[in-house]
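Asker: Have a look at this one before I ask anything.
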Amino acid sequence: MTNPPSAAAPQASRSARETQLRASGTPEKPTPIVRVEGLCKSYRTARGELLLFEDLNLEIASGEMVAIVGQSGAGKSTLLHILGALDAPSAGTVYCASTNVASLSRRQAVAFRNREIGYVWQFHYLLPEFTAEENVAMPLLARGMGKQEALQTASNWLREVDLEDRGTHRPGELSGGEQQRVALARALVCNPRLLLADEPTGDLDSMTAGRVFELIERLHASHGLTSILVTHNMELAQRCTRTLRLANGRLAALTGAAQPTT
Ligand SMILES: Nc1ncnc2c1ncn2[C@@H]1O[C@H](COP(=O)(O)OP(=O)(O)OP(=O)(O)O)[C@@H](O)[C@H]1O
Ligand SMILES: [Mg+2]
């Protein structure tokens, strides 16, 4: 893994900036946790090349909670997949959590995700034959933690998402909101730096969606996360520190414009 070369960094949060000013007397720009420069992504399809991004740029500072909105097919999921090393860029620079994601082998990508990324999708993808506690413990078992410790840590995480009394339930014995809270606990059980959430409330009724979003806000703050949330819900998007719209292969700031993003 290599460190990102120095680059124009985004504005830090106010408190981070103030701390830096106090410490050094001069403002210092923090290294962004996500830095995408000149990202190009195209797919080869039976009907020819599908060009999604030609020159996409993005910087996200540590601690930001950024919403990405945009029409269906704009490439929101593809962008999250590239940030999470689930898909490869066609060209360009993509640094995520101090890692050049394009340079990772398949094995390194798995380790990178386990260590740095918590991923949540619209559908929970919990394993139906395992209990909530076992599902949350899976990423810890995958990194070699002993079963007892993994189950104990999972149980603690279920308490964090207010589901301490549902640990022995299988996914089919949980409500939609509860399933998504278990998925959140599973995403965060390895203490990642980044939470990537792809329409995490898209499958829920509006009241349950609001509660799950509140939980994301709480976990974001209490665990010092940097979060990127794809959503079609503008009301929820506007609760983030910044909202970006993805259209025509570029990101444009809708709210909280701290930096140019195109
Ligand atoms: N592996 C692939 N091969 C070819 N085309 C793909 C592939 N993955 C995605 N696409 C195409 O890329 C475009 C962007 O897809 P993506 O899933 O990123 O959109 P999205 O913005 O997340 O949409 P939605 O809001 O509906 O989830 C779509 O037109 C899709 O058909
Ligand atoms: Mg999508």
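Every read-out reported here was derived from the displayed coordinates using simple, explicitly stated rules and does not represent laboratory data. The shown structure was predicted, so the numbers you read here are calculated from the model rather than taken from an experiment. Every residue, glycine as well, gets a Cβ built from its backbone with ideal geometry; the counts of neighbours run over all protein chains shown.
Asker: Specify which residue in the list LEU251, SER175, VAL161 is farthest towards the positive end of the charge dipole of the range 153-257, using unit charges on the beta carbon of Lys, Arg (+1) and Asp, Glu (-1), about the Cα centre.
Answerer: LEU251
Asker: What is the distance in Å between the Cα centres of the range 176-228 and the range 87-131?
Answerer: So the separation of the two Cα centres works out to 17 Å.
Asker: Order these by the 10 Å Cβ neighbour count, fewest first: TRP157, TRP121.
Answerer: TRP121, TRP157
Asker: Applying a 10 Å radius around every beta-carbon, put 127-134, 31-38 in order of their mean neighbour count, most first.
Answerer: Numbers: 127-134: 17.0, 31-38: 20.2.
So the peptides 127-134, 31-38, ranked by packing, come out 31-38, 127-134.
Asker: Pick out, from ILE82, VAL189, ASN100, the residue whose Cα sits farthest towards the positive end of the charge dipole of the chain, with +1 on the Cβ of Lys and Arg and -1 on the Cβ of Asp and Glu.
Answerer: Final value for the positive-end residue is ASN100.
Asker: How long are the three semi-axes of the equivalent ellipsoid for the range 94-238, computed from the Cα gyration tensor as the root of 5 times each eigenvalue, in whole Å, largest first?
Answerer: On the way: eigenvalues 100, 88, 33 Å².
In descending order the semi-axes read 22, 21, 13 Å.
Asker: Give the relative contact order (percent, whole number) for the range 121-262; include only Cα pairs under 8 Å separated by 6+ residues.
Answerer: Contact order relative to length: 21 percent.
Asker: While we're on this one: Return, for the Cα atoms of the chain, the radius of gyration and Dmax in Å, separated by a comma.
Answerer: So, for the chain, Rg and Dmax equal 18.6, 58 Å respectively.
Asker: Quick one: putting +1 on the C-beta of Lys and Arg, -1 on the C-beta of Asp and Glu, what dipole do you get for the chain around its Cα centre, in Debye to the nearest 20?
Answerer: 700 debye
Asker: Right, another one. How large is the Kirkwood hydrodynamic radius of the range 85-159, in angstrom, based on all distinct alpha carbon pairs?
Answerer: Computed over the range 85-159, the radius equals 14.2 Å.
Asker: Also, I was wondering about something else. Which one, MET138, MET234, MET65, has the greatest fluctuation when you compute a Gaussian network model over the chain with C-alpha springs under 10 angstrom?
Answerer: Answer for the Gaussian network model of the chain: MET234.
Asker: Next up: Per DSSP H run of n ≥ 4, the term is -39500 (n - 2.57); total these for the chain, divide by its residue number, and report the mean residue ellipticity at 222 nm rounded to 500 deg cm²/dmol.
Answerer: -10500 deg cm²/dmol
Asker: If packing is taken as the average count of other Cβ atoms within 10 Å, what order do 206-215, 165-174 fall into, highest mean first?
Answerer: Numbers: 206-215: 16.8, 165-174: 14.9.
Ranking the peptides 206-215, 165-174 by packing returns 206-215, 165-174.
Asker: Treat the count of other C-beta atoms within 10 Å as a stand-in for reagent exposure and order CYS240, CYS96 from fewest to most.
Answerer: CYS240, CYS96
Asker: Then there's this: How do GLU164, GLU64 line up, fewest other C-beta atoms within 10 Å first? Kindly include the intermediate steps, with their values, before the conclusion.
Answerer: Values: GLU164 13, GLU64 24.
Listed from fewest to most nearby Cβ atoms, that is GLU164, GLU64.
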